[in-house]
1. Taking the options F8, F15, name whichever one is of a type in the set (F, W, Y), over 27 Å from A144 (Cβ atoms) and touching a residue at least 12 places away in the same chain (Cβ under 8 Å).
2. Only one of E537, E502, E488 is closer than 28 Å to T433 by Cβ and either among the basic types (K, R) or out of contact with any helix residue (DSSP H, G or I) (no Cβ under 7 Å at 6 or more places or on another chain) (or both); which?
3. Which of the residues belonging to the range 291-318 are loosely packed, with under 14 Cβ neighbours inside 10 Å and either under 22 Å from Y368 (Cα atoms) or β-branched (V, I, T) (or both)?
4. Go through (1) open to solvent by 10 Å² or more (accessible area, probe 1.4 Å); (2) within 29 Å of I480 (Cβ to Cβ); (3) small (G, A, S) for A10 and report which single condition fails.
5. Does W134 qualify as being of a type outside the set (S, T, Y), in contact with a helix residue (DSSP H, G or I) (Cβ under 7 Å, 6 or more places away or on another chain), open to solvent by 20 Å² or more (accessible area, probe 1.4 Å) and more than 23 Å from F528 (Cα to Cα)?
6. If you go through the range 18-35, how many residues are open to solvent by 10 Å² or more (accessible area, probe 1.4 Å), in contact (Cβ under 8 Å) with a residue 60 or more places away in the chain and in a loop (DSSP other than H, G, I, E, B)?
7. Given the residues T406, T357, which is the only one that is open to solvent by less than 30 Å² (accessible area, probe 1.4 Å), at pLDDT 90 or above and not charged (D, E, K, R)?
8. From the list A455, A472, A436, which one is closer than 26 Å to V73 by Cα and modelled with pLDDT under 95?
Amino acid sequence: MKNRKLIFAALSLGFTLLMSLPWLVPHLGWTALAGLLPLLIMERLASEYKIKRFWWWHYSTFVLWNAATTWWVGEATVAGAIFAILANSLQMSVVFGSFRWVKRRLGGVLPYVFLAAAWMAWERYYLTVAQISWPWLVLGNAFADTTSLIQWYSVLGTLGGSLWIWLSNLSLFGLMVALSDGRMSRWNGKARLATLIAVLTAFFGPMLWSLCLRFEEEGEPLQVVIGQPNYDPYEKRGAVPREQQDNAFLALLEQADWPQDCPTLALAPETFTRYIYTDAVGQHETFLRFQEFLGRHPQASLLFGAITYEPRLSYTAPDPCAYDLGPQADGRHQWILAHNSALLTDTTGRYSIYHKTKLVVGTELTPYPALFIPLERFLLGGPVMGKDLGQKEISCLDMNGIPVGTAVCYESVYGEFCTGYVRKGARLLTVITNDAWWGNTPGYKQHLNYSRLRAIETRRWVARCGNTGISAIIDPRGRILDRTSWWEPAVLQGSVQLLQGESFFVRYGDMTGRISVFLFLLLGAAAFVRGIQKKREKL
């Protein structure tokens, strides 16, 4: 028994190592193509040895993986990191446990098909409708820093990468099982050759597909100037006056070589300023300073992040997260709705505004507000202020008639969500973010690489602006053409192209996820029916 525990521990550590490397070390996404093998081998041994309470083994293995890759969340919130690691691992274990339940009812390869389908169905749930969502470790994200292998994400998206990982691992696992139990020695030469070709195709086929894909579309050029002000977010709100921040940022932009004969888009990061009321944008001090700056650069537009507040007068709360400022003379209450917003303005003073839609649970979003808002108010002993509401429907910002899609921070993690910008007409994608909460950890590097996935999926140029970095210009192949350093003031200037076409993934969405949900439900129902039949047979 002691030897078995040592074997299980070694397999657990092997899984953690192979599956963590893609998120921690550049260009090692391919290790995930064999990274699930230790877990599958551990489960097979547990079934053969009839190990009891095996759940603790695979749960602790998932905890190790989550902790190794996303521990940096604790730099911003220790409690949040512990919850994210334990809760995400629990969901992974539920998926894996359901596979073991199906395995006791269905034979052959069907339980393994169910495992892959159930895992990807869960990932799709995370990426679409889940209110408590943490899709950082979606398997397809493993290739975020190995983009030369995944140009076909423009067809299948990130869950296509998850499918590749499952196909490769299950093919290798099946080959290992066939060799270990002696079955392969009983096959004829054609069967062996077919098996070997199938395994090699599952492992190398998508790589060859990626090499064969070409993207040649060209569009109108646009100059971008990205300002990285580099303010410590823990000091930004109180230690440095707003006017000083504005002036320092504009002085940074002035260092760029501003063209006078072609359009230019300047970018400032997420939450660059705050206390902008949506009914008085043109009167805000930062907005007025930006207008003065744009007056010196008539071909320029400026996109910046802001915390905005939307006042509402009504007798009842327009939303459970609204903050009540009290009753007015007519009995109505003054409500305030908070937003994490992006604004784009030009020299005419016109502006368009977009409110972040995909929100961070806890800091921006209270999930299931009808339940948790009253509980939060009871625990805190008063009203809750600062919860974001976002938009119900995605929209683009308008740059002199050119639609620009702007993902605010966390939104850039959601692939199919970002295709919505392109379906709304976006010819360029921008990402504004503030990753400084995590410090100099793998977090901001992983977040940057996810923007590379969005570029491939949508086949759009991406201009990314981070408060402390990394700001970057990314082409539609996911290549970083230019970037800033971490944690230093910088200005990045370059050229992007305004494109119009739609990739297959934009046009048809996440086909892999939808098929996975169907297979998950179908095989789950089959296992349930088979379980009933087995009980009847025993009777």
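1. Details: F15 fails: over 27 Å from A144 (Cβ atoms).
Among F8, F15, only F8 is of a type in the set (F, W, Y), over 27 Å from A144 (Cβ atoms) and touching a residue at least 12 places away in the same chain (Cβ under 8 Å).
2. Details: E537 fails: closer than 28 Å to T433 by Cβ; E502 fails: either among the basic types (K, R) or out of contact with any helix residue (DSSP H, G or I) (no Cβ under 7 Å at 6 or more places or on another chain) (or both).
Just one listed residue meets the conditions, E488.
3. T316
4. A10 satisfies all of (1) open to solvent by 10 Å² or more (accessible area, probe 1.4 Å); (2) within 29 Å of I480 (Cβ to Cβ); (3) small (G, A, S) except (2).
5. Values: of a type outside the set (S, T, Y): yes; in contact with a helix residue (DSSP H, G or I) (Cβ under 7 Å, 6 or more places away or on another chain): yes; open to solvent by 20 Å² or more (accessible area, probe 1.4 Å): yes; more than 23 Å from F528 (Cα to Cα): yes.
Considered against the rule, which asks whether it is of a type outside the set (S, T, Y), in contact with a helix residue (DSSP H, G or I) (Cβ under 7 Å, 6 or more places away or on another chain), open to solvent by 20 Å² or more (accessible area, probe 1.4 Å) and more than 23 Å from F528 (Cα to Cα), W134 comes out as yes.
6. Looking only at that region, the number is 4.
7. Values: T357 fails: open to solvent by less than 30 Å² (accessible area, probe 1.4 Å).
Just one listed residue meets the conditions, T406.
8. Numbers: A455 fails: modelled with pLDDT under 95; A472 fails: modelled with pLDDT under 95.
None of the other options fit; the residue is A436.
The values are calculated or read from the model by the stated rules, or taken from the named source; none is laboratory data. Just so you know, these numbers come straight off a predicted model, no measurement behind them. Don't worry about glycine lacking a Cβ; one is built from the backbone with ideal geometry, like all the others, and counts go over all protein chains shown. Note: accessible area is taken over every heavy atom of the protein model, side chains too, but ligands, DNA and RNA are not part of it. Shrake-Rupley method; radii C 1.70, N 1.55, O 1.52, S 1.80 Å.
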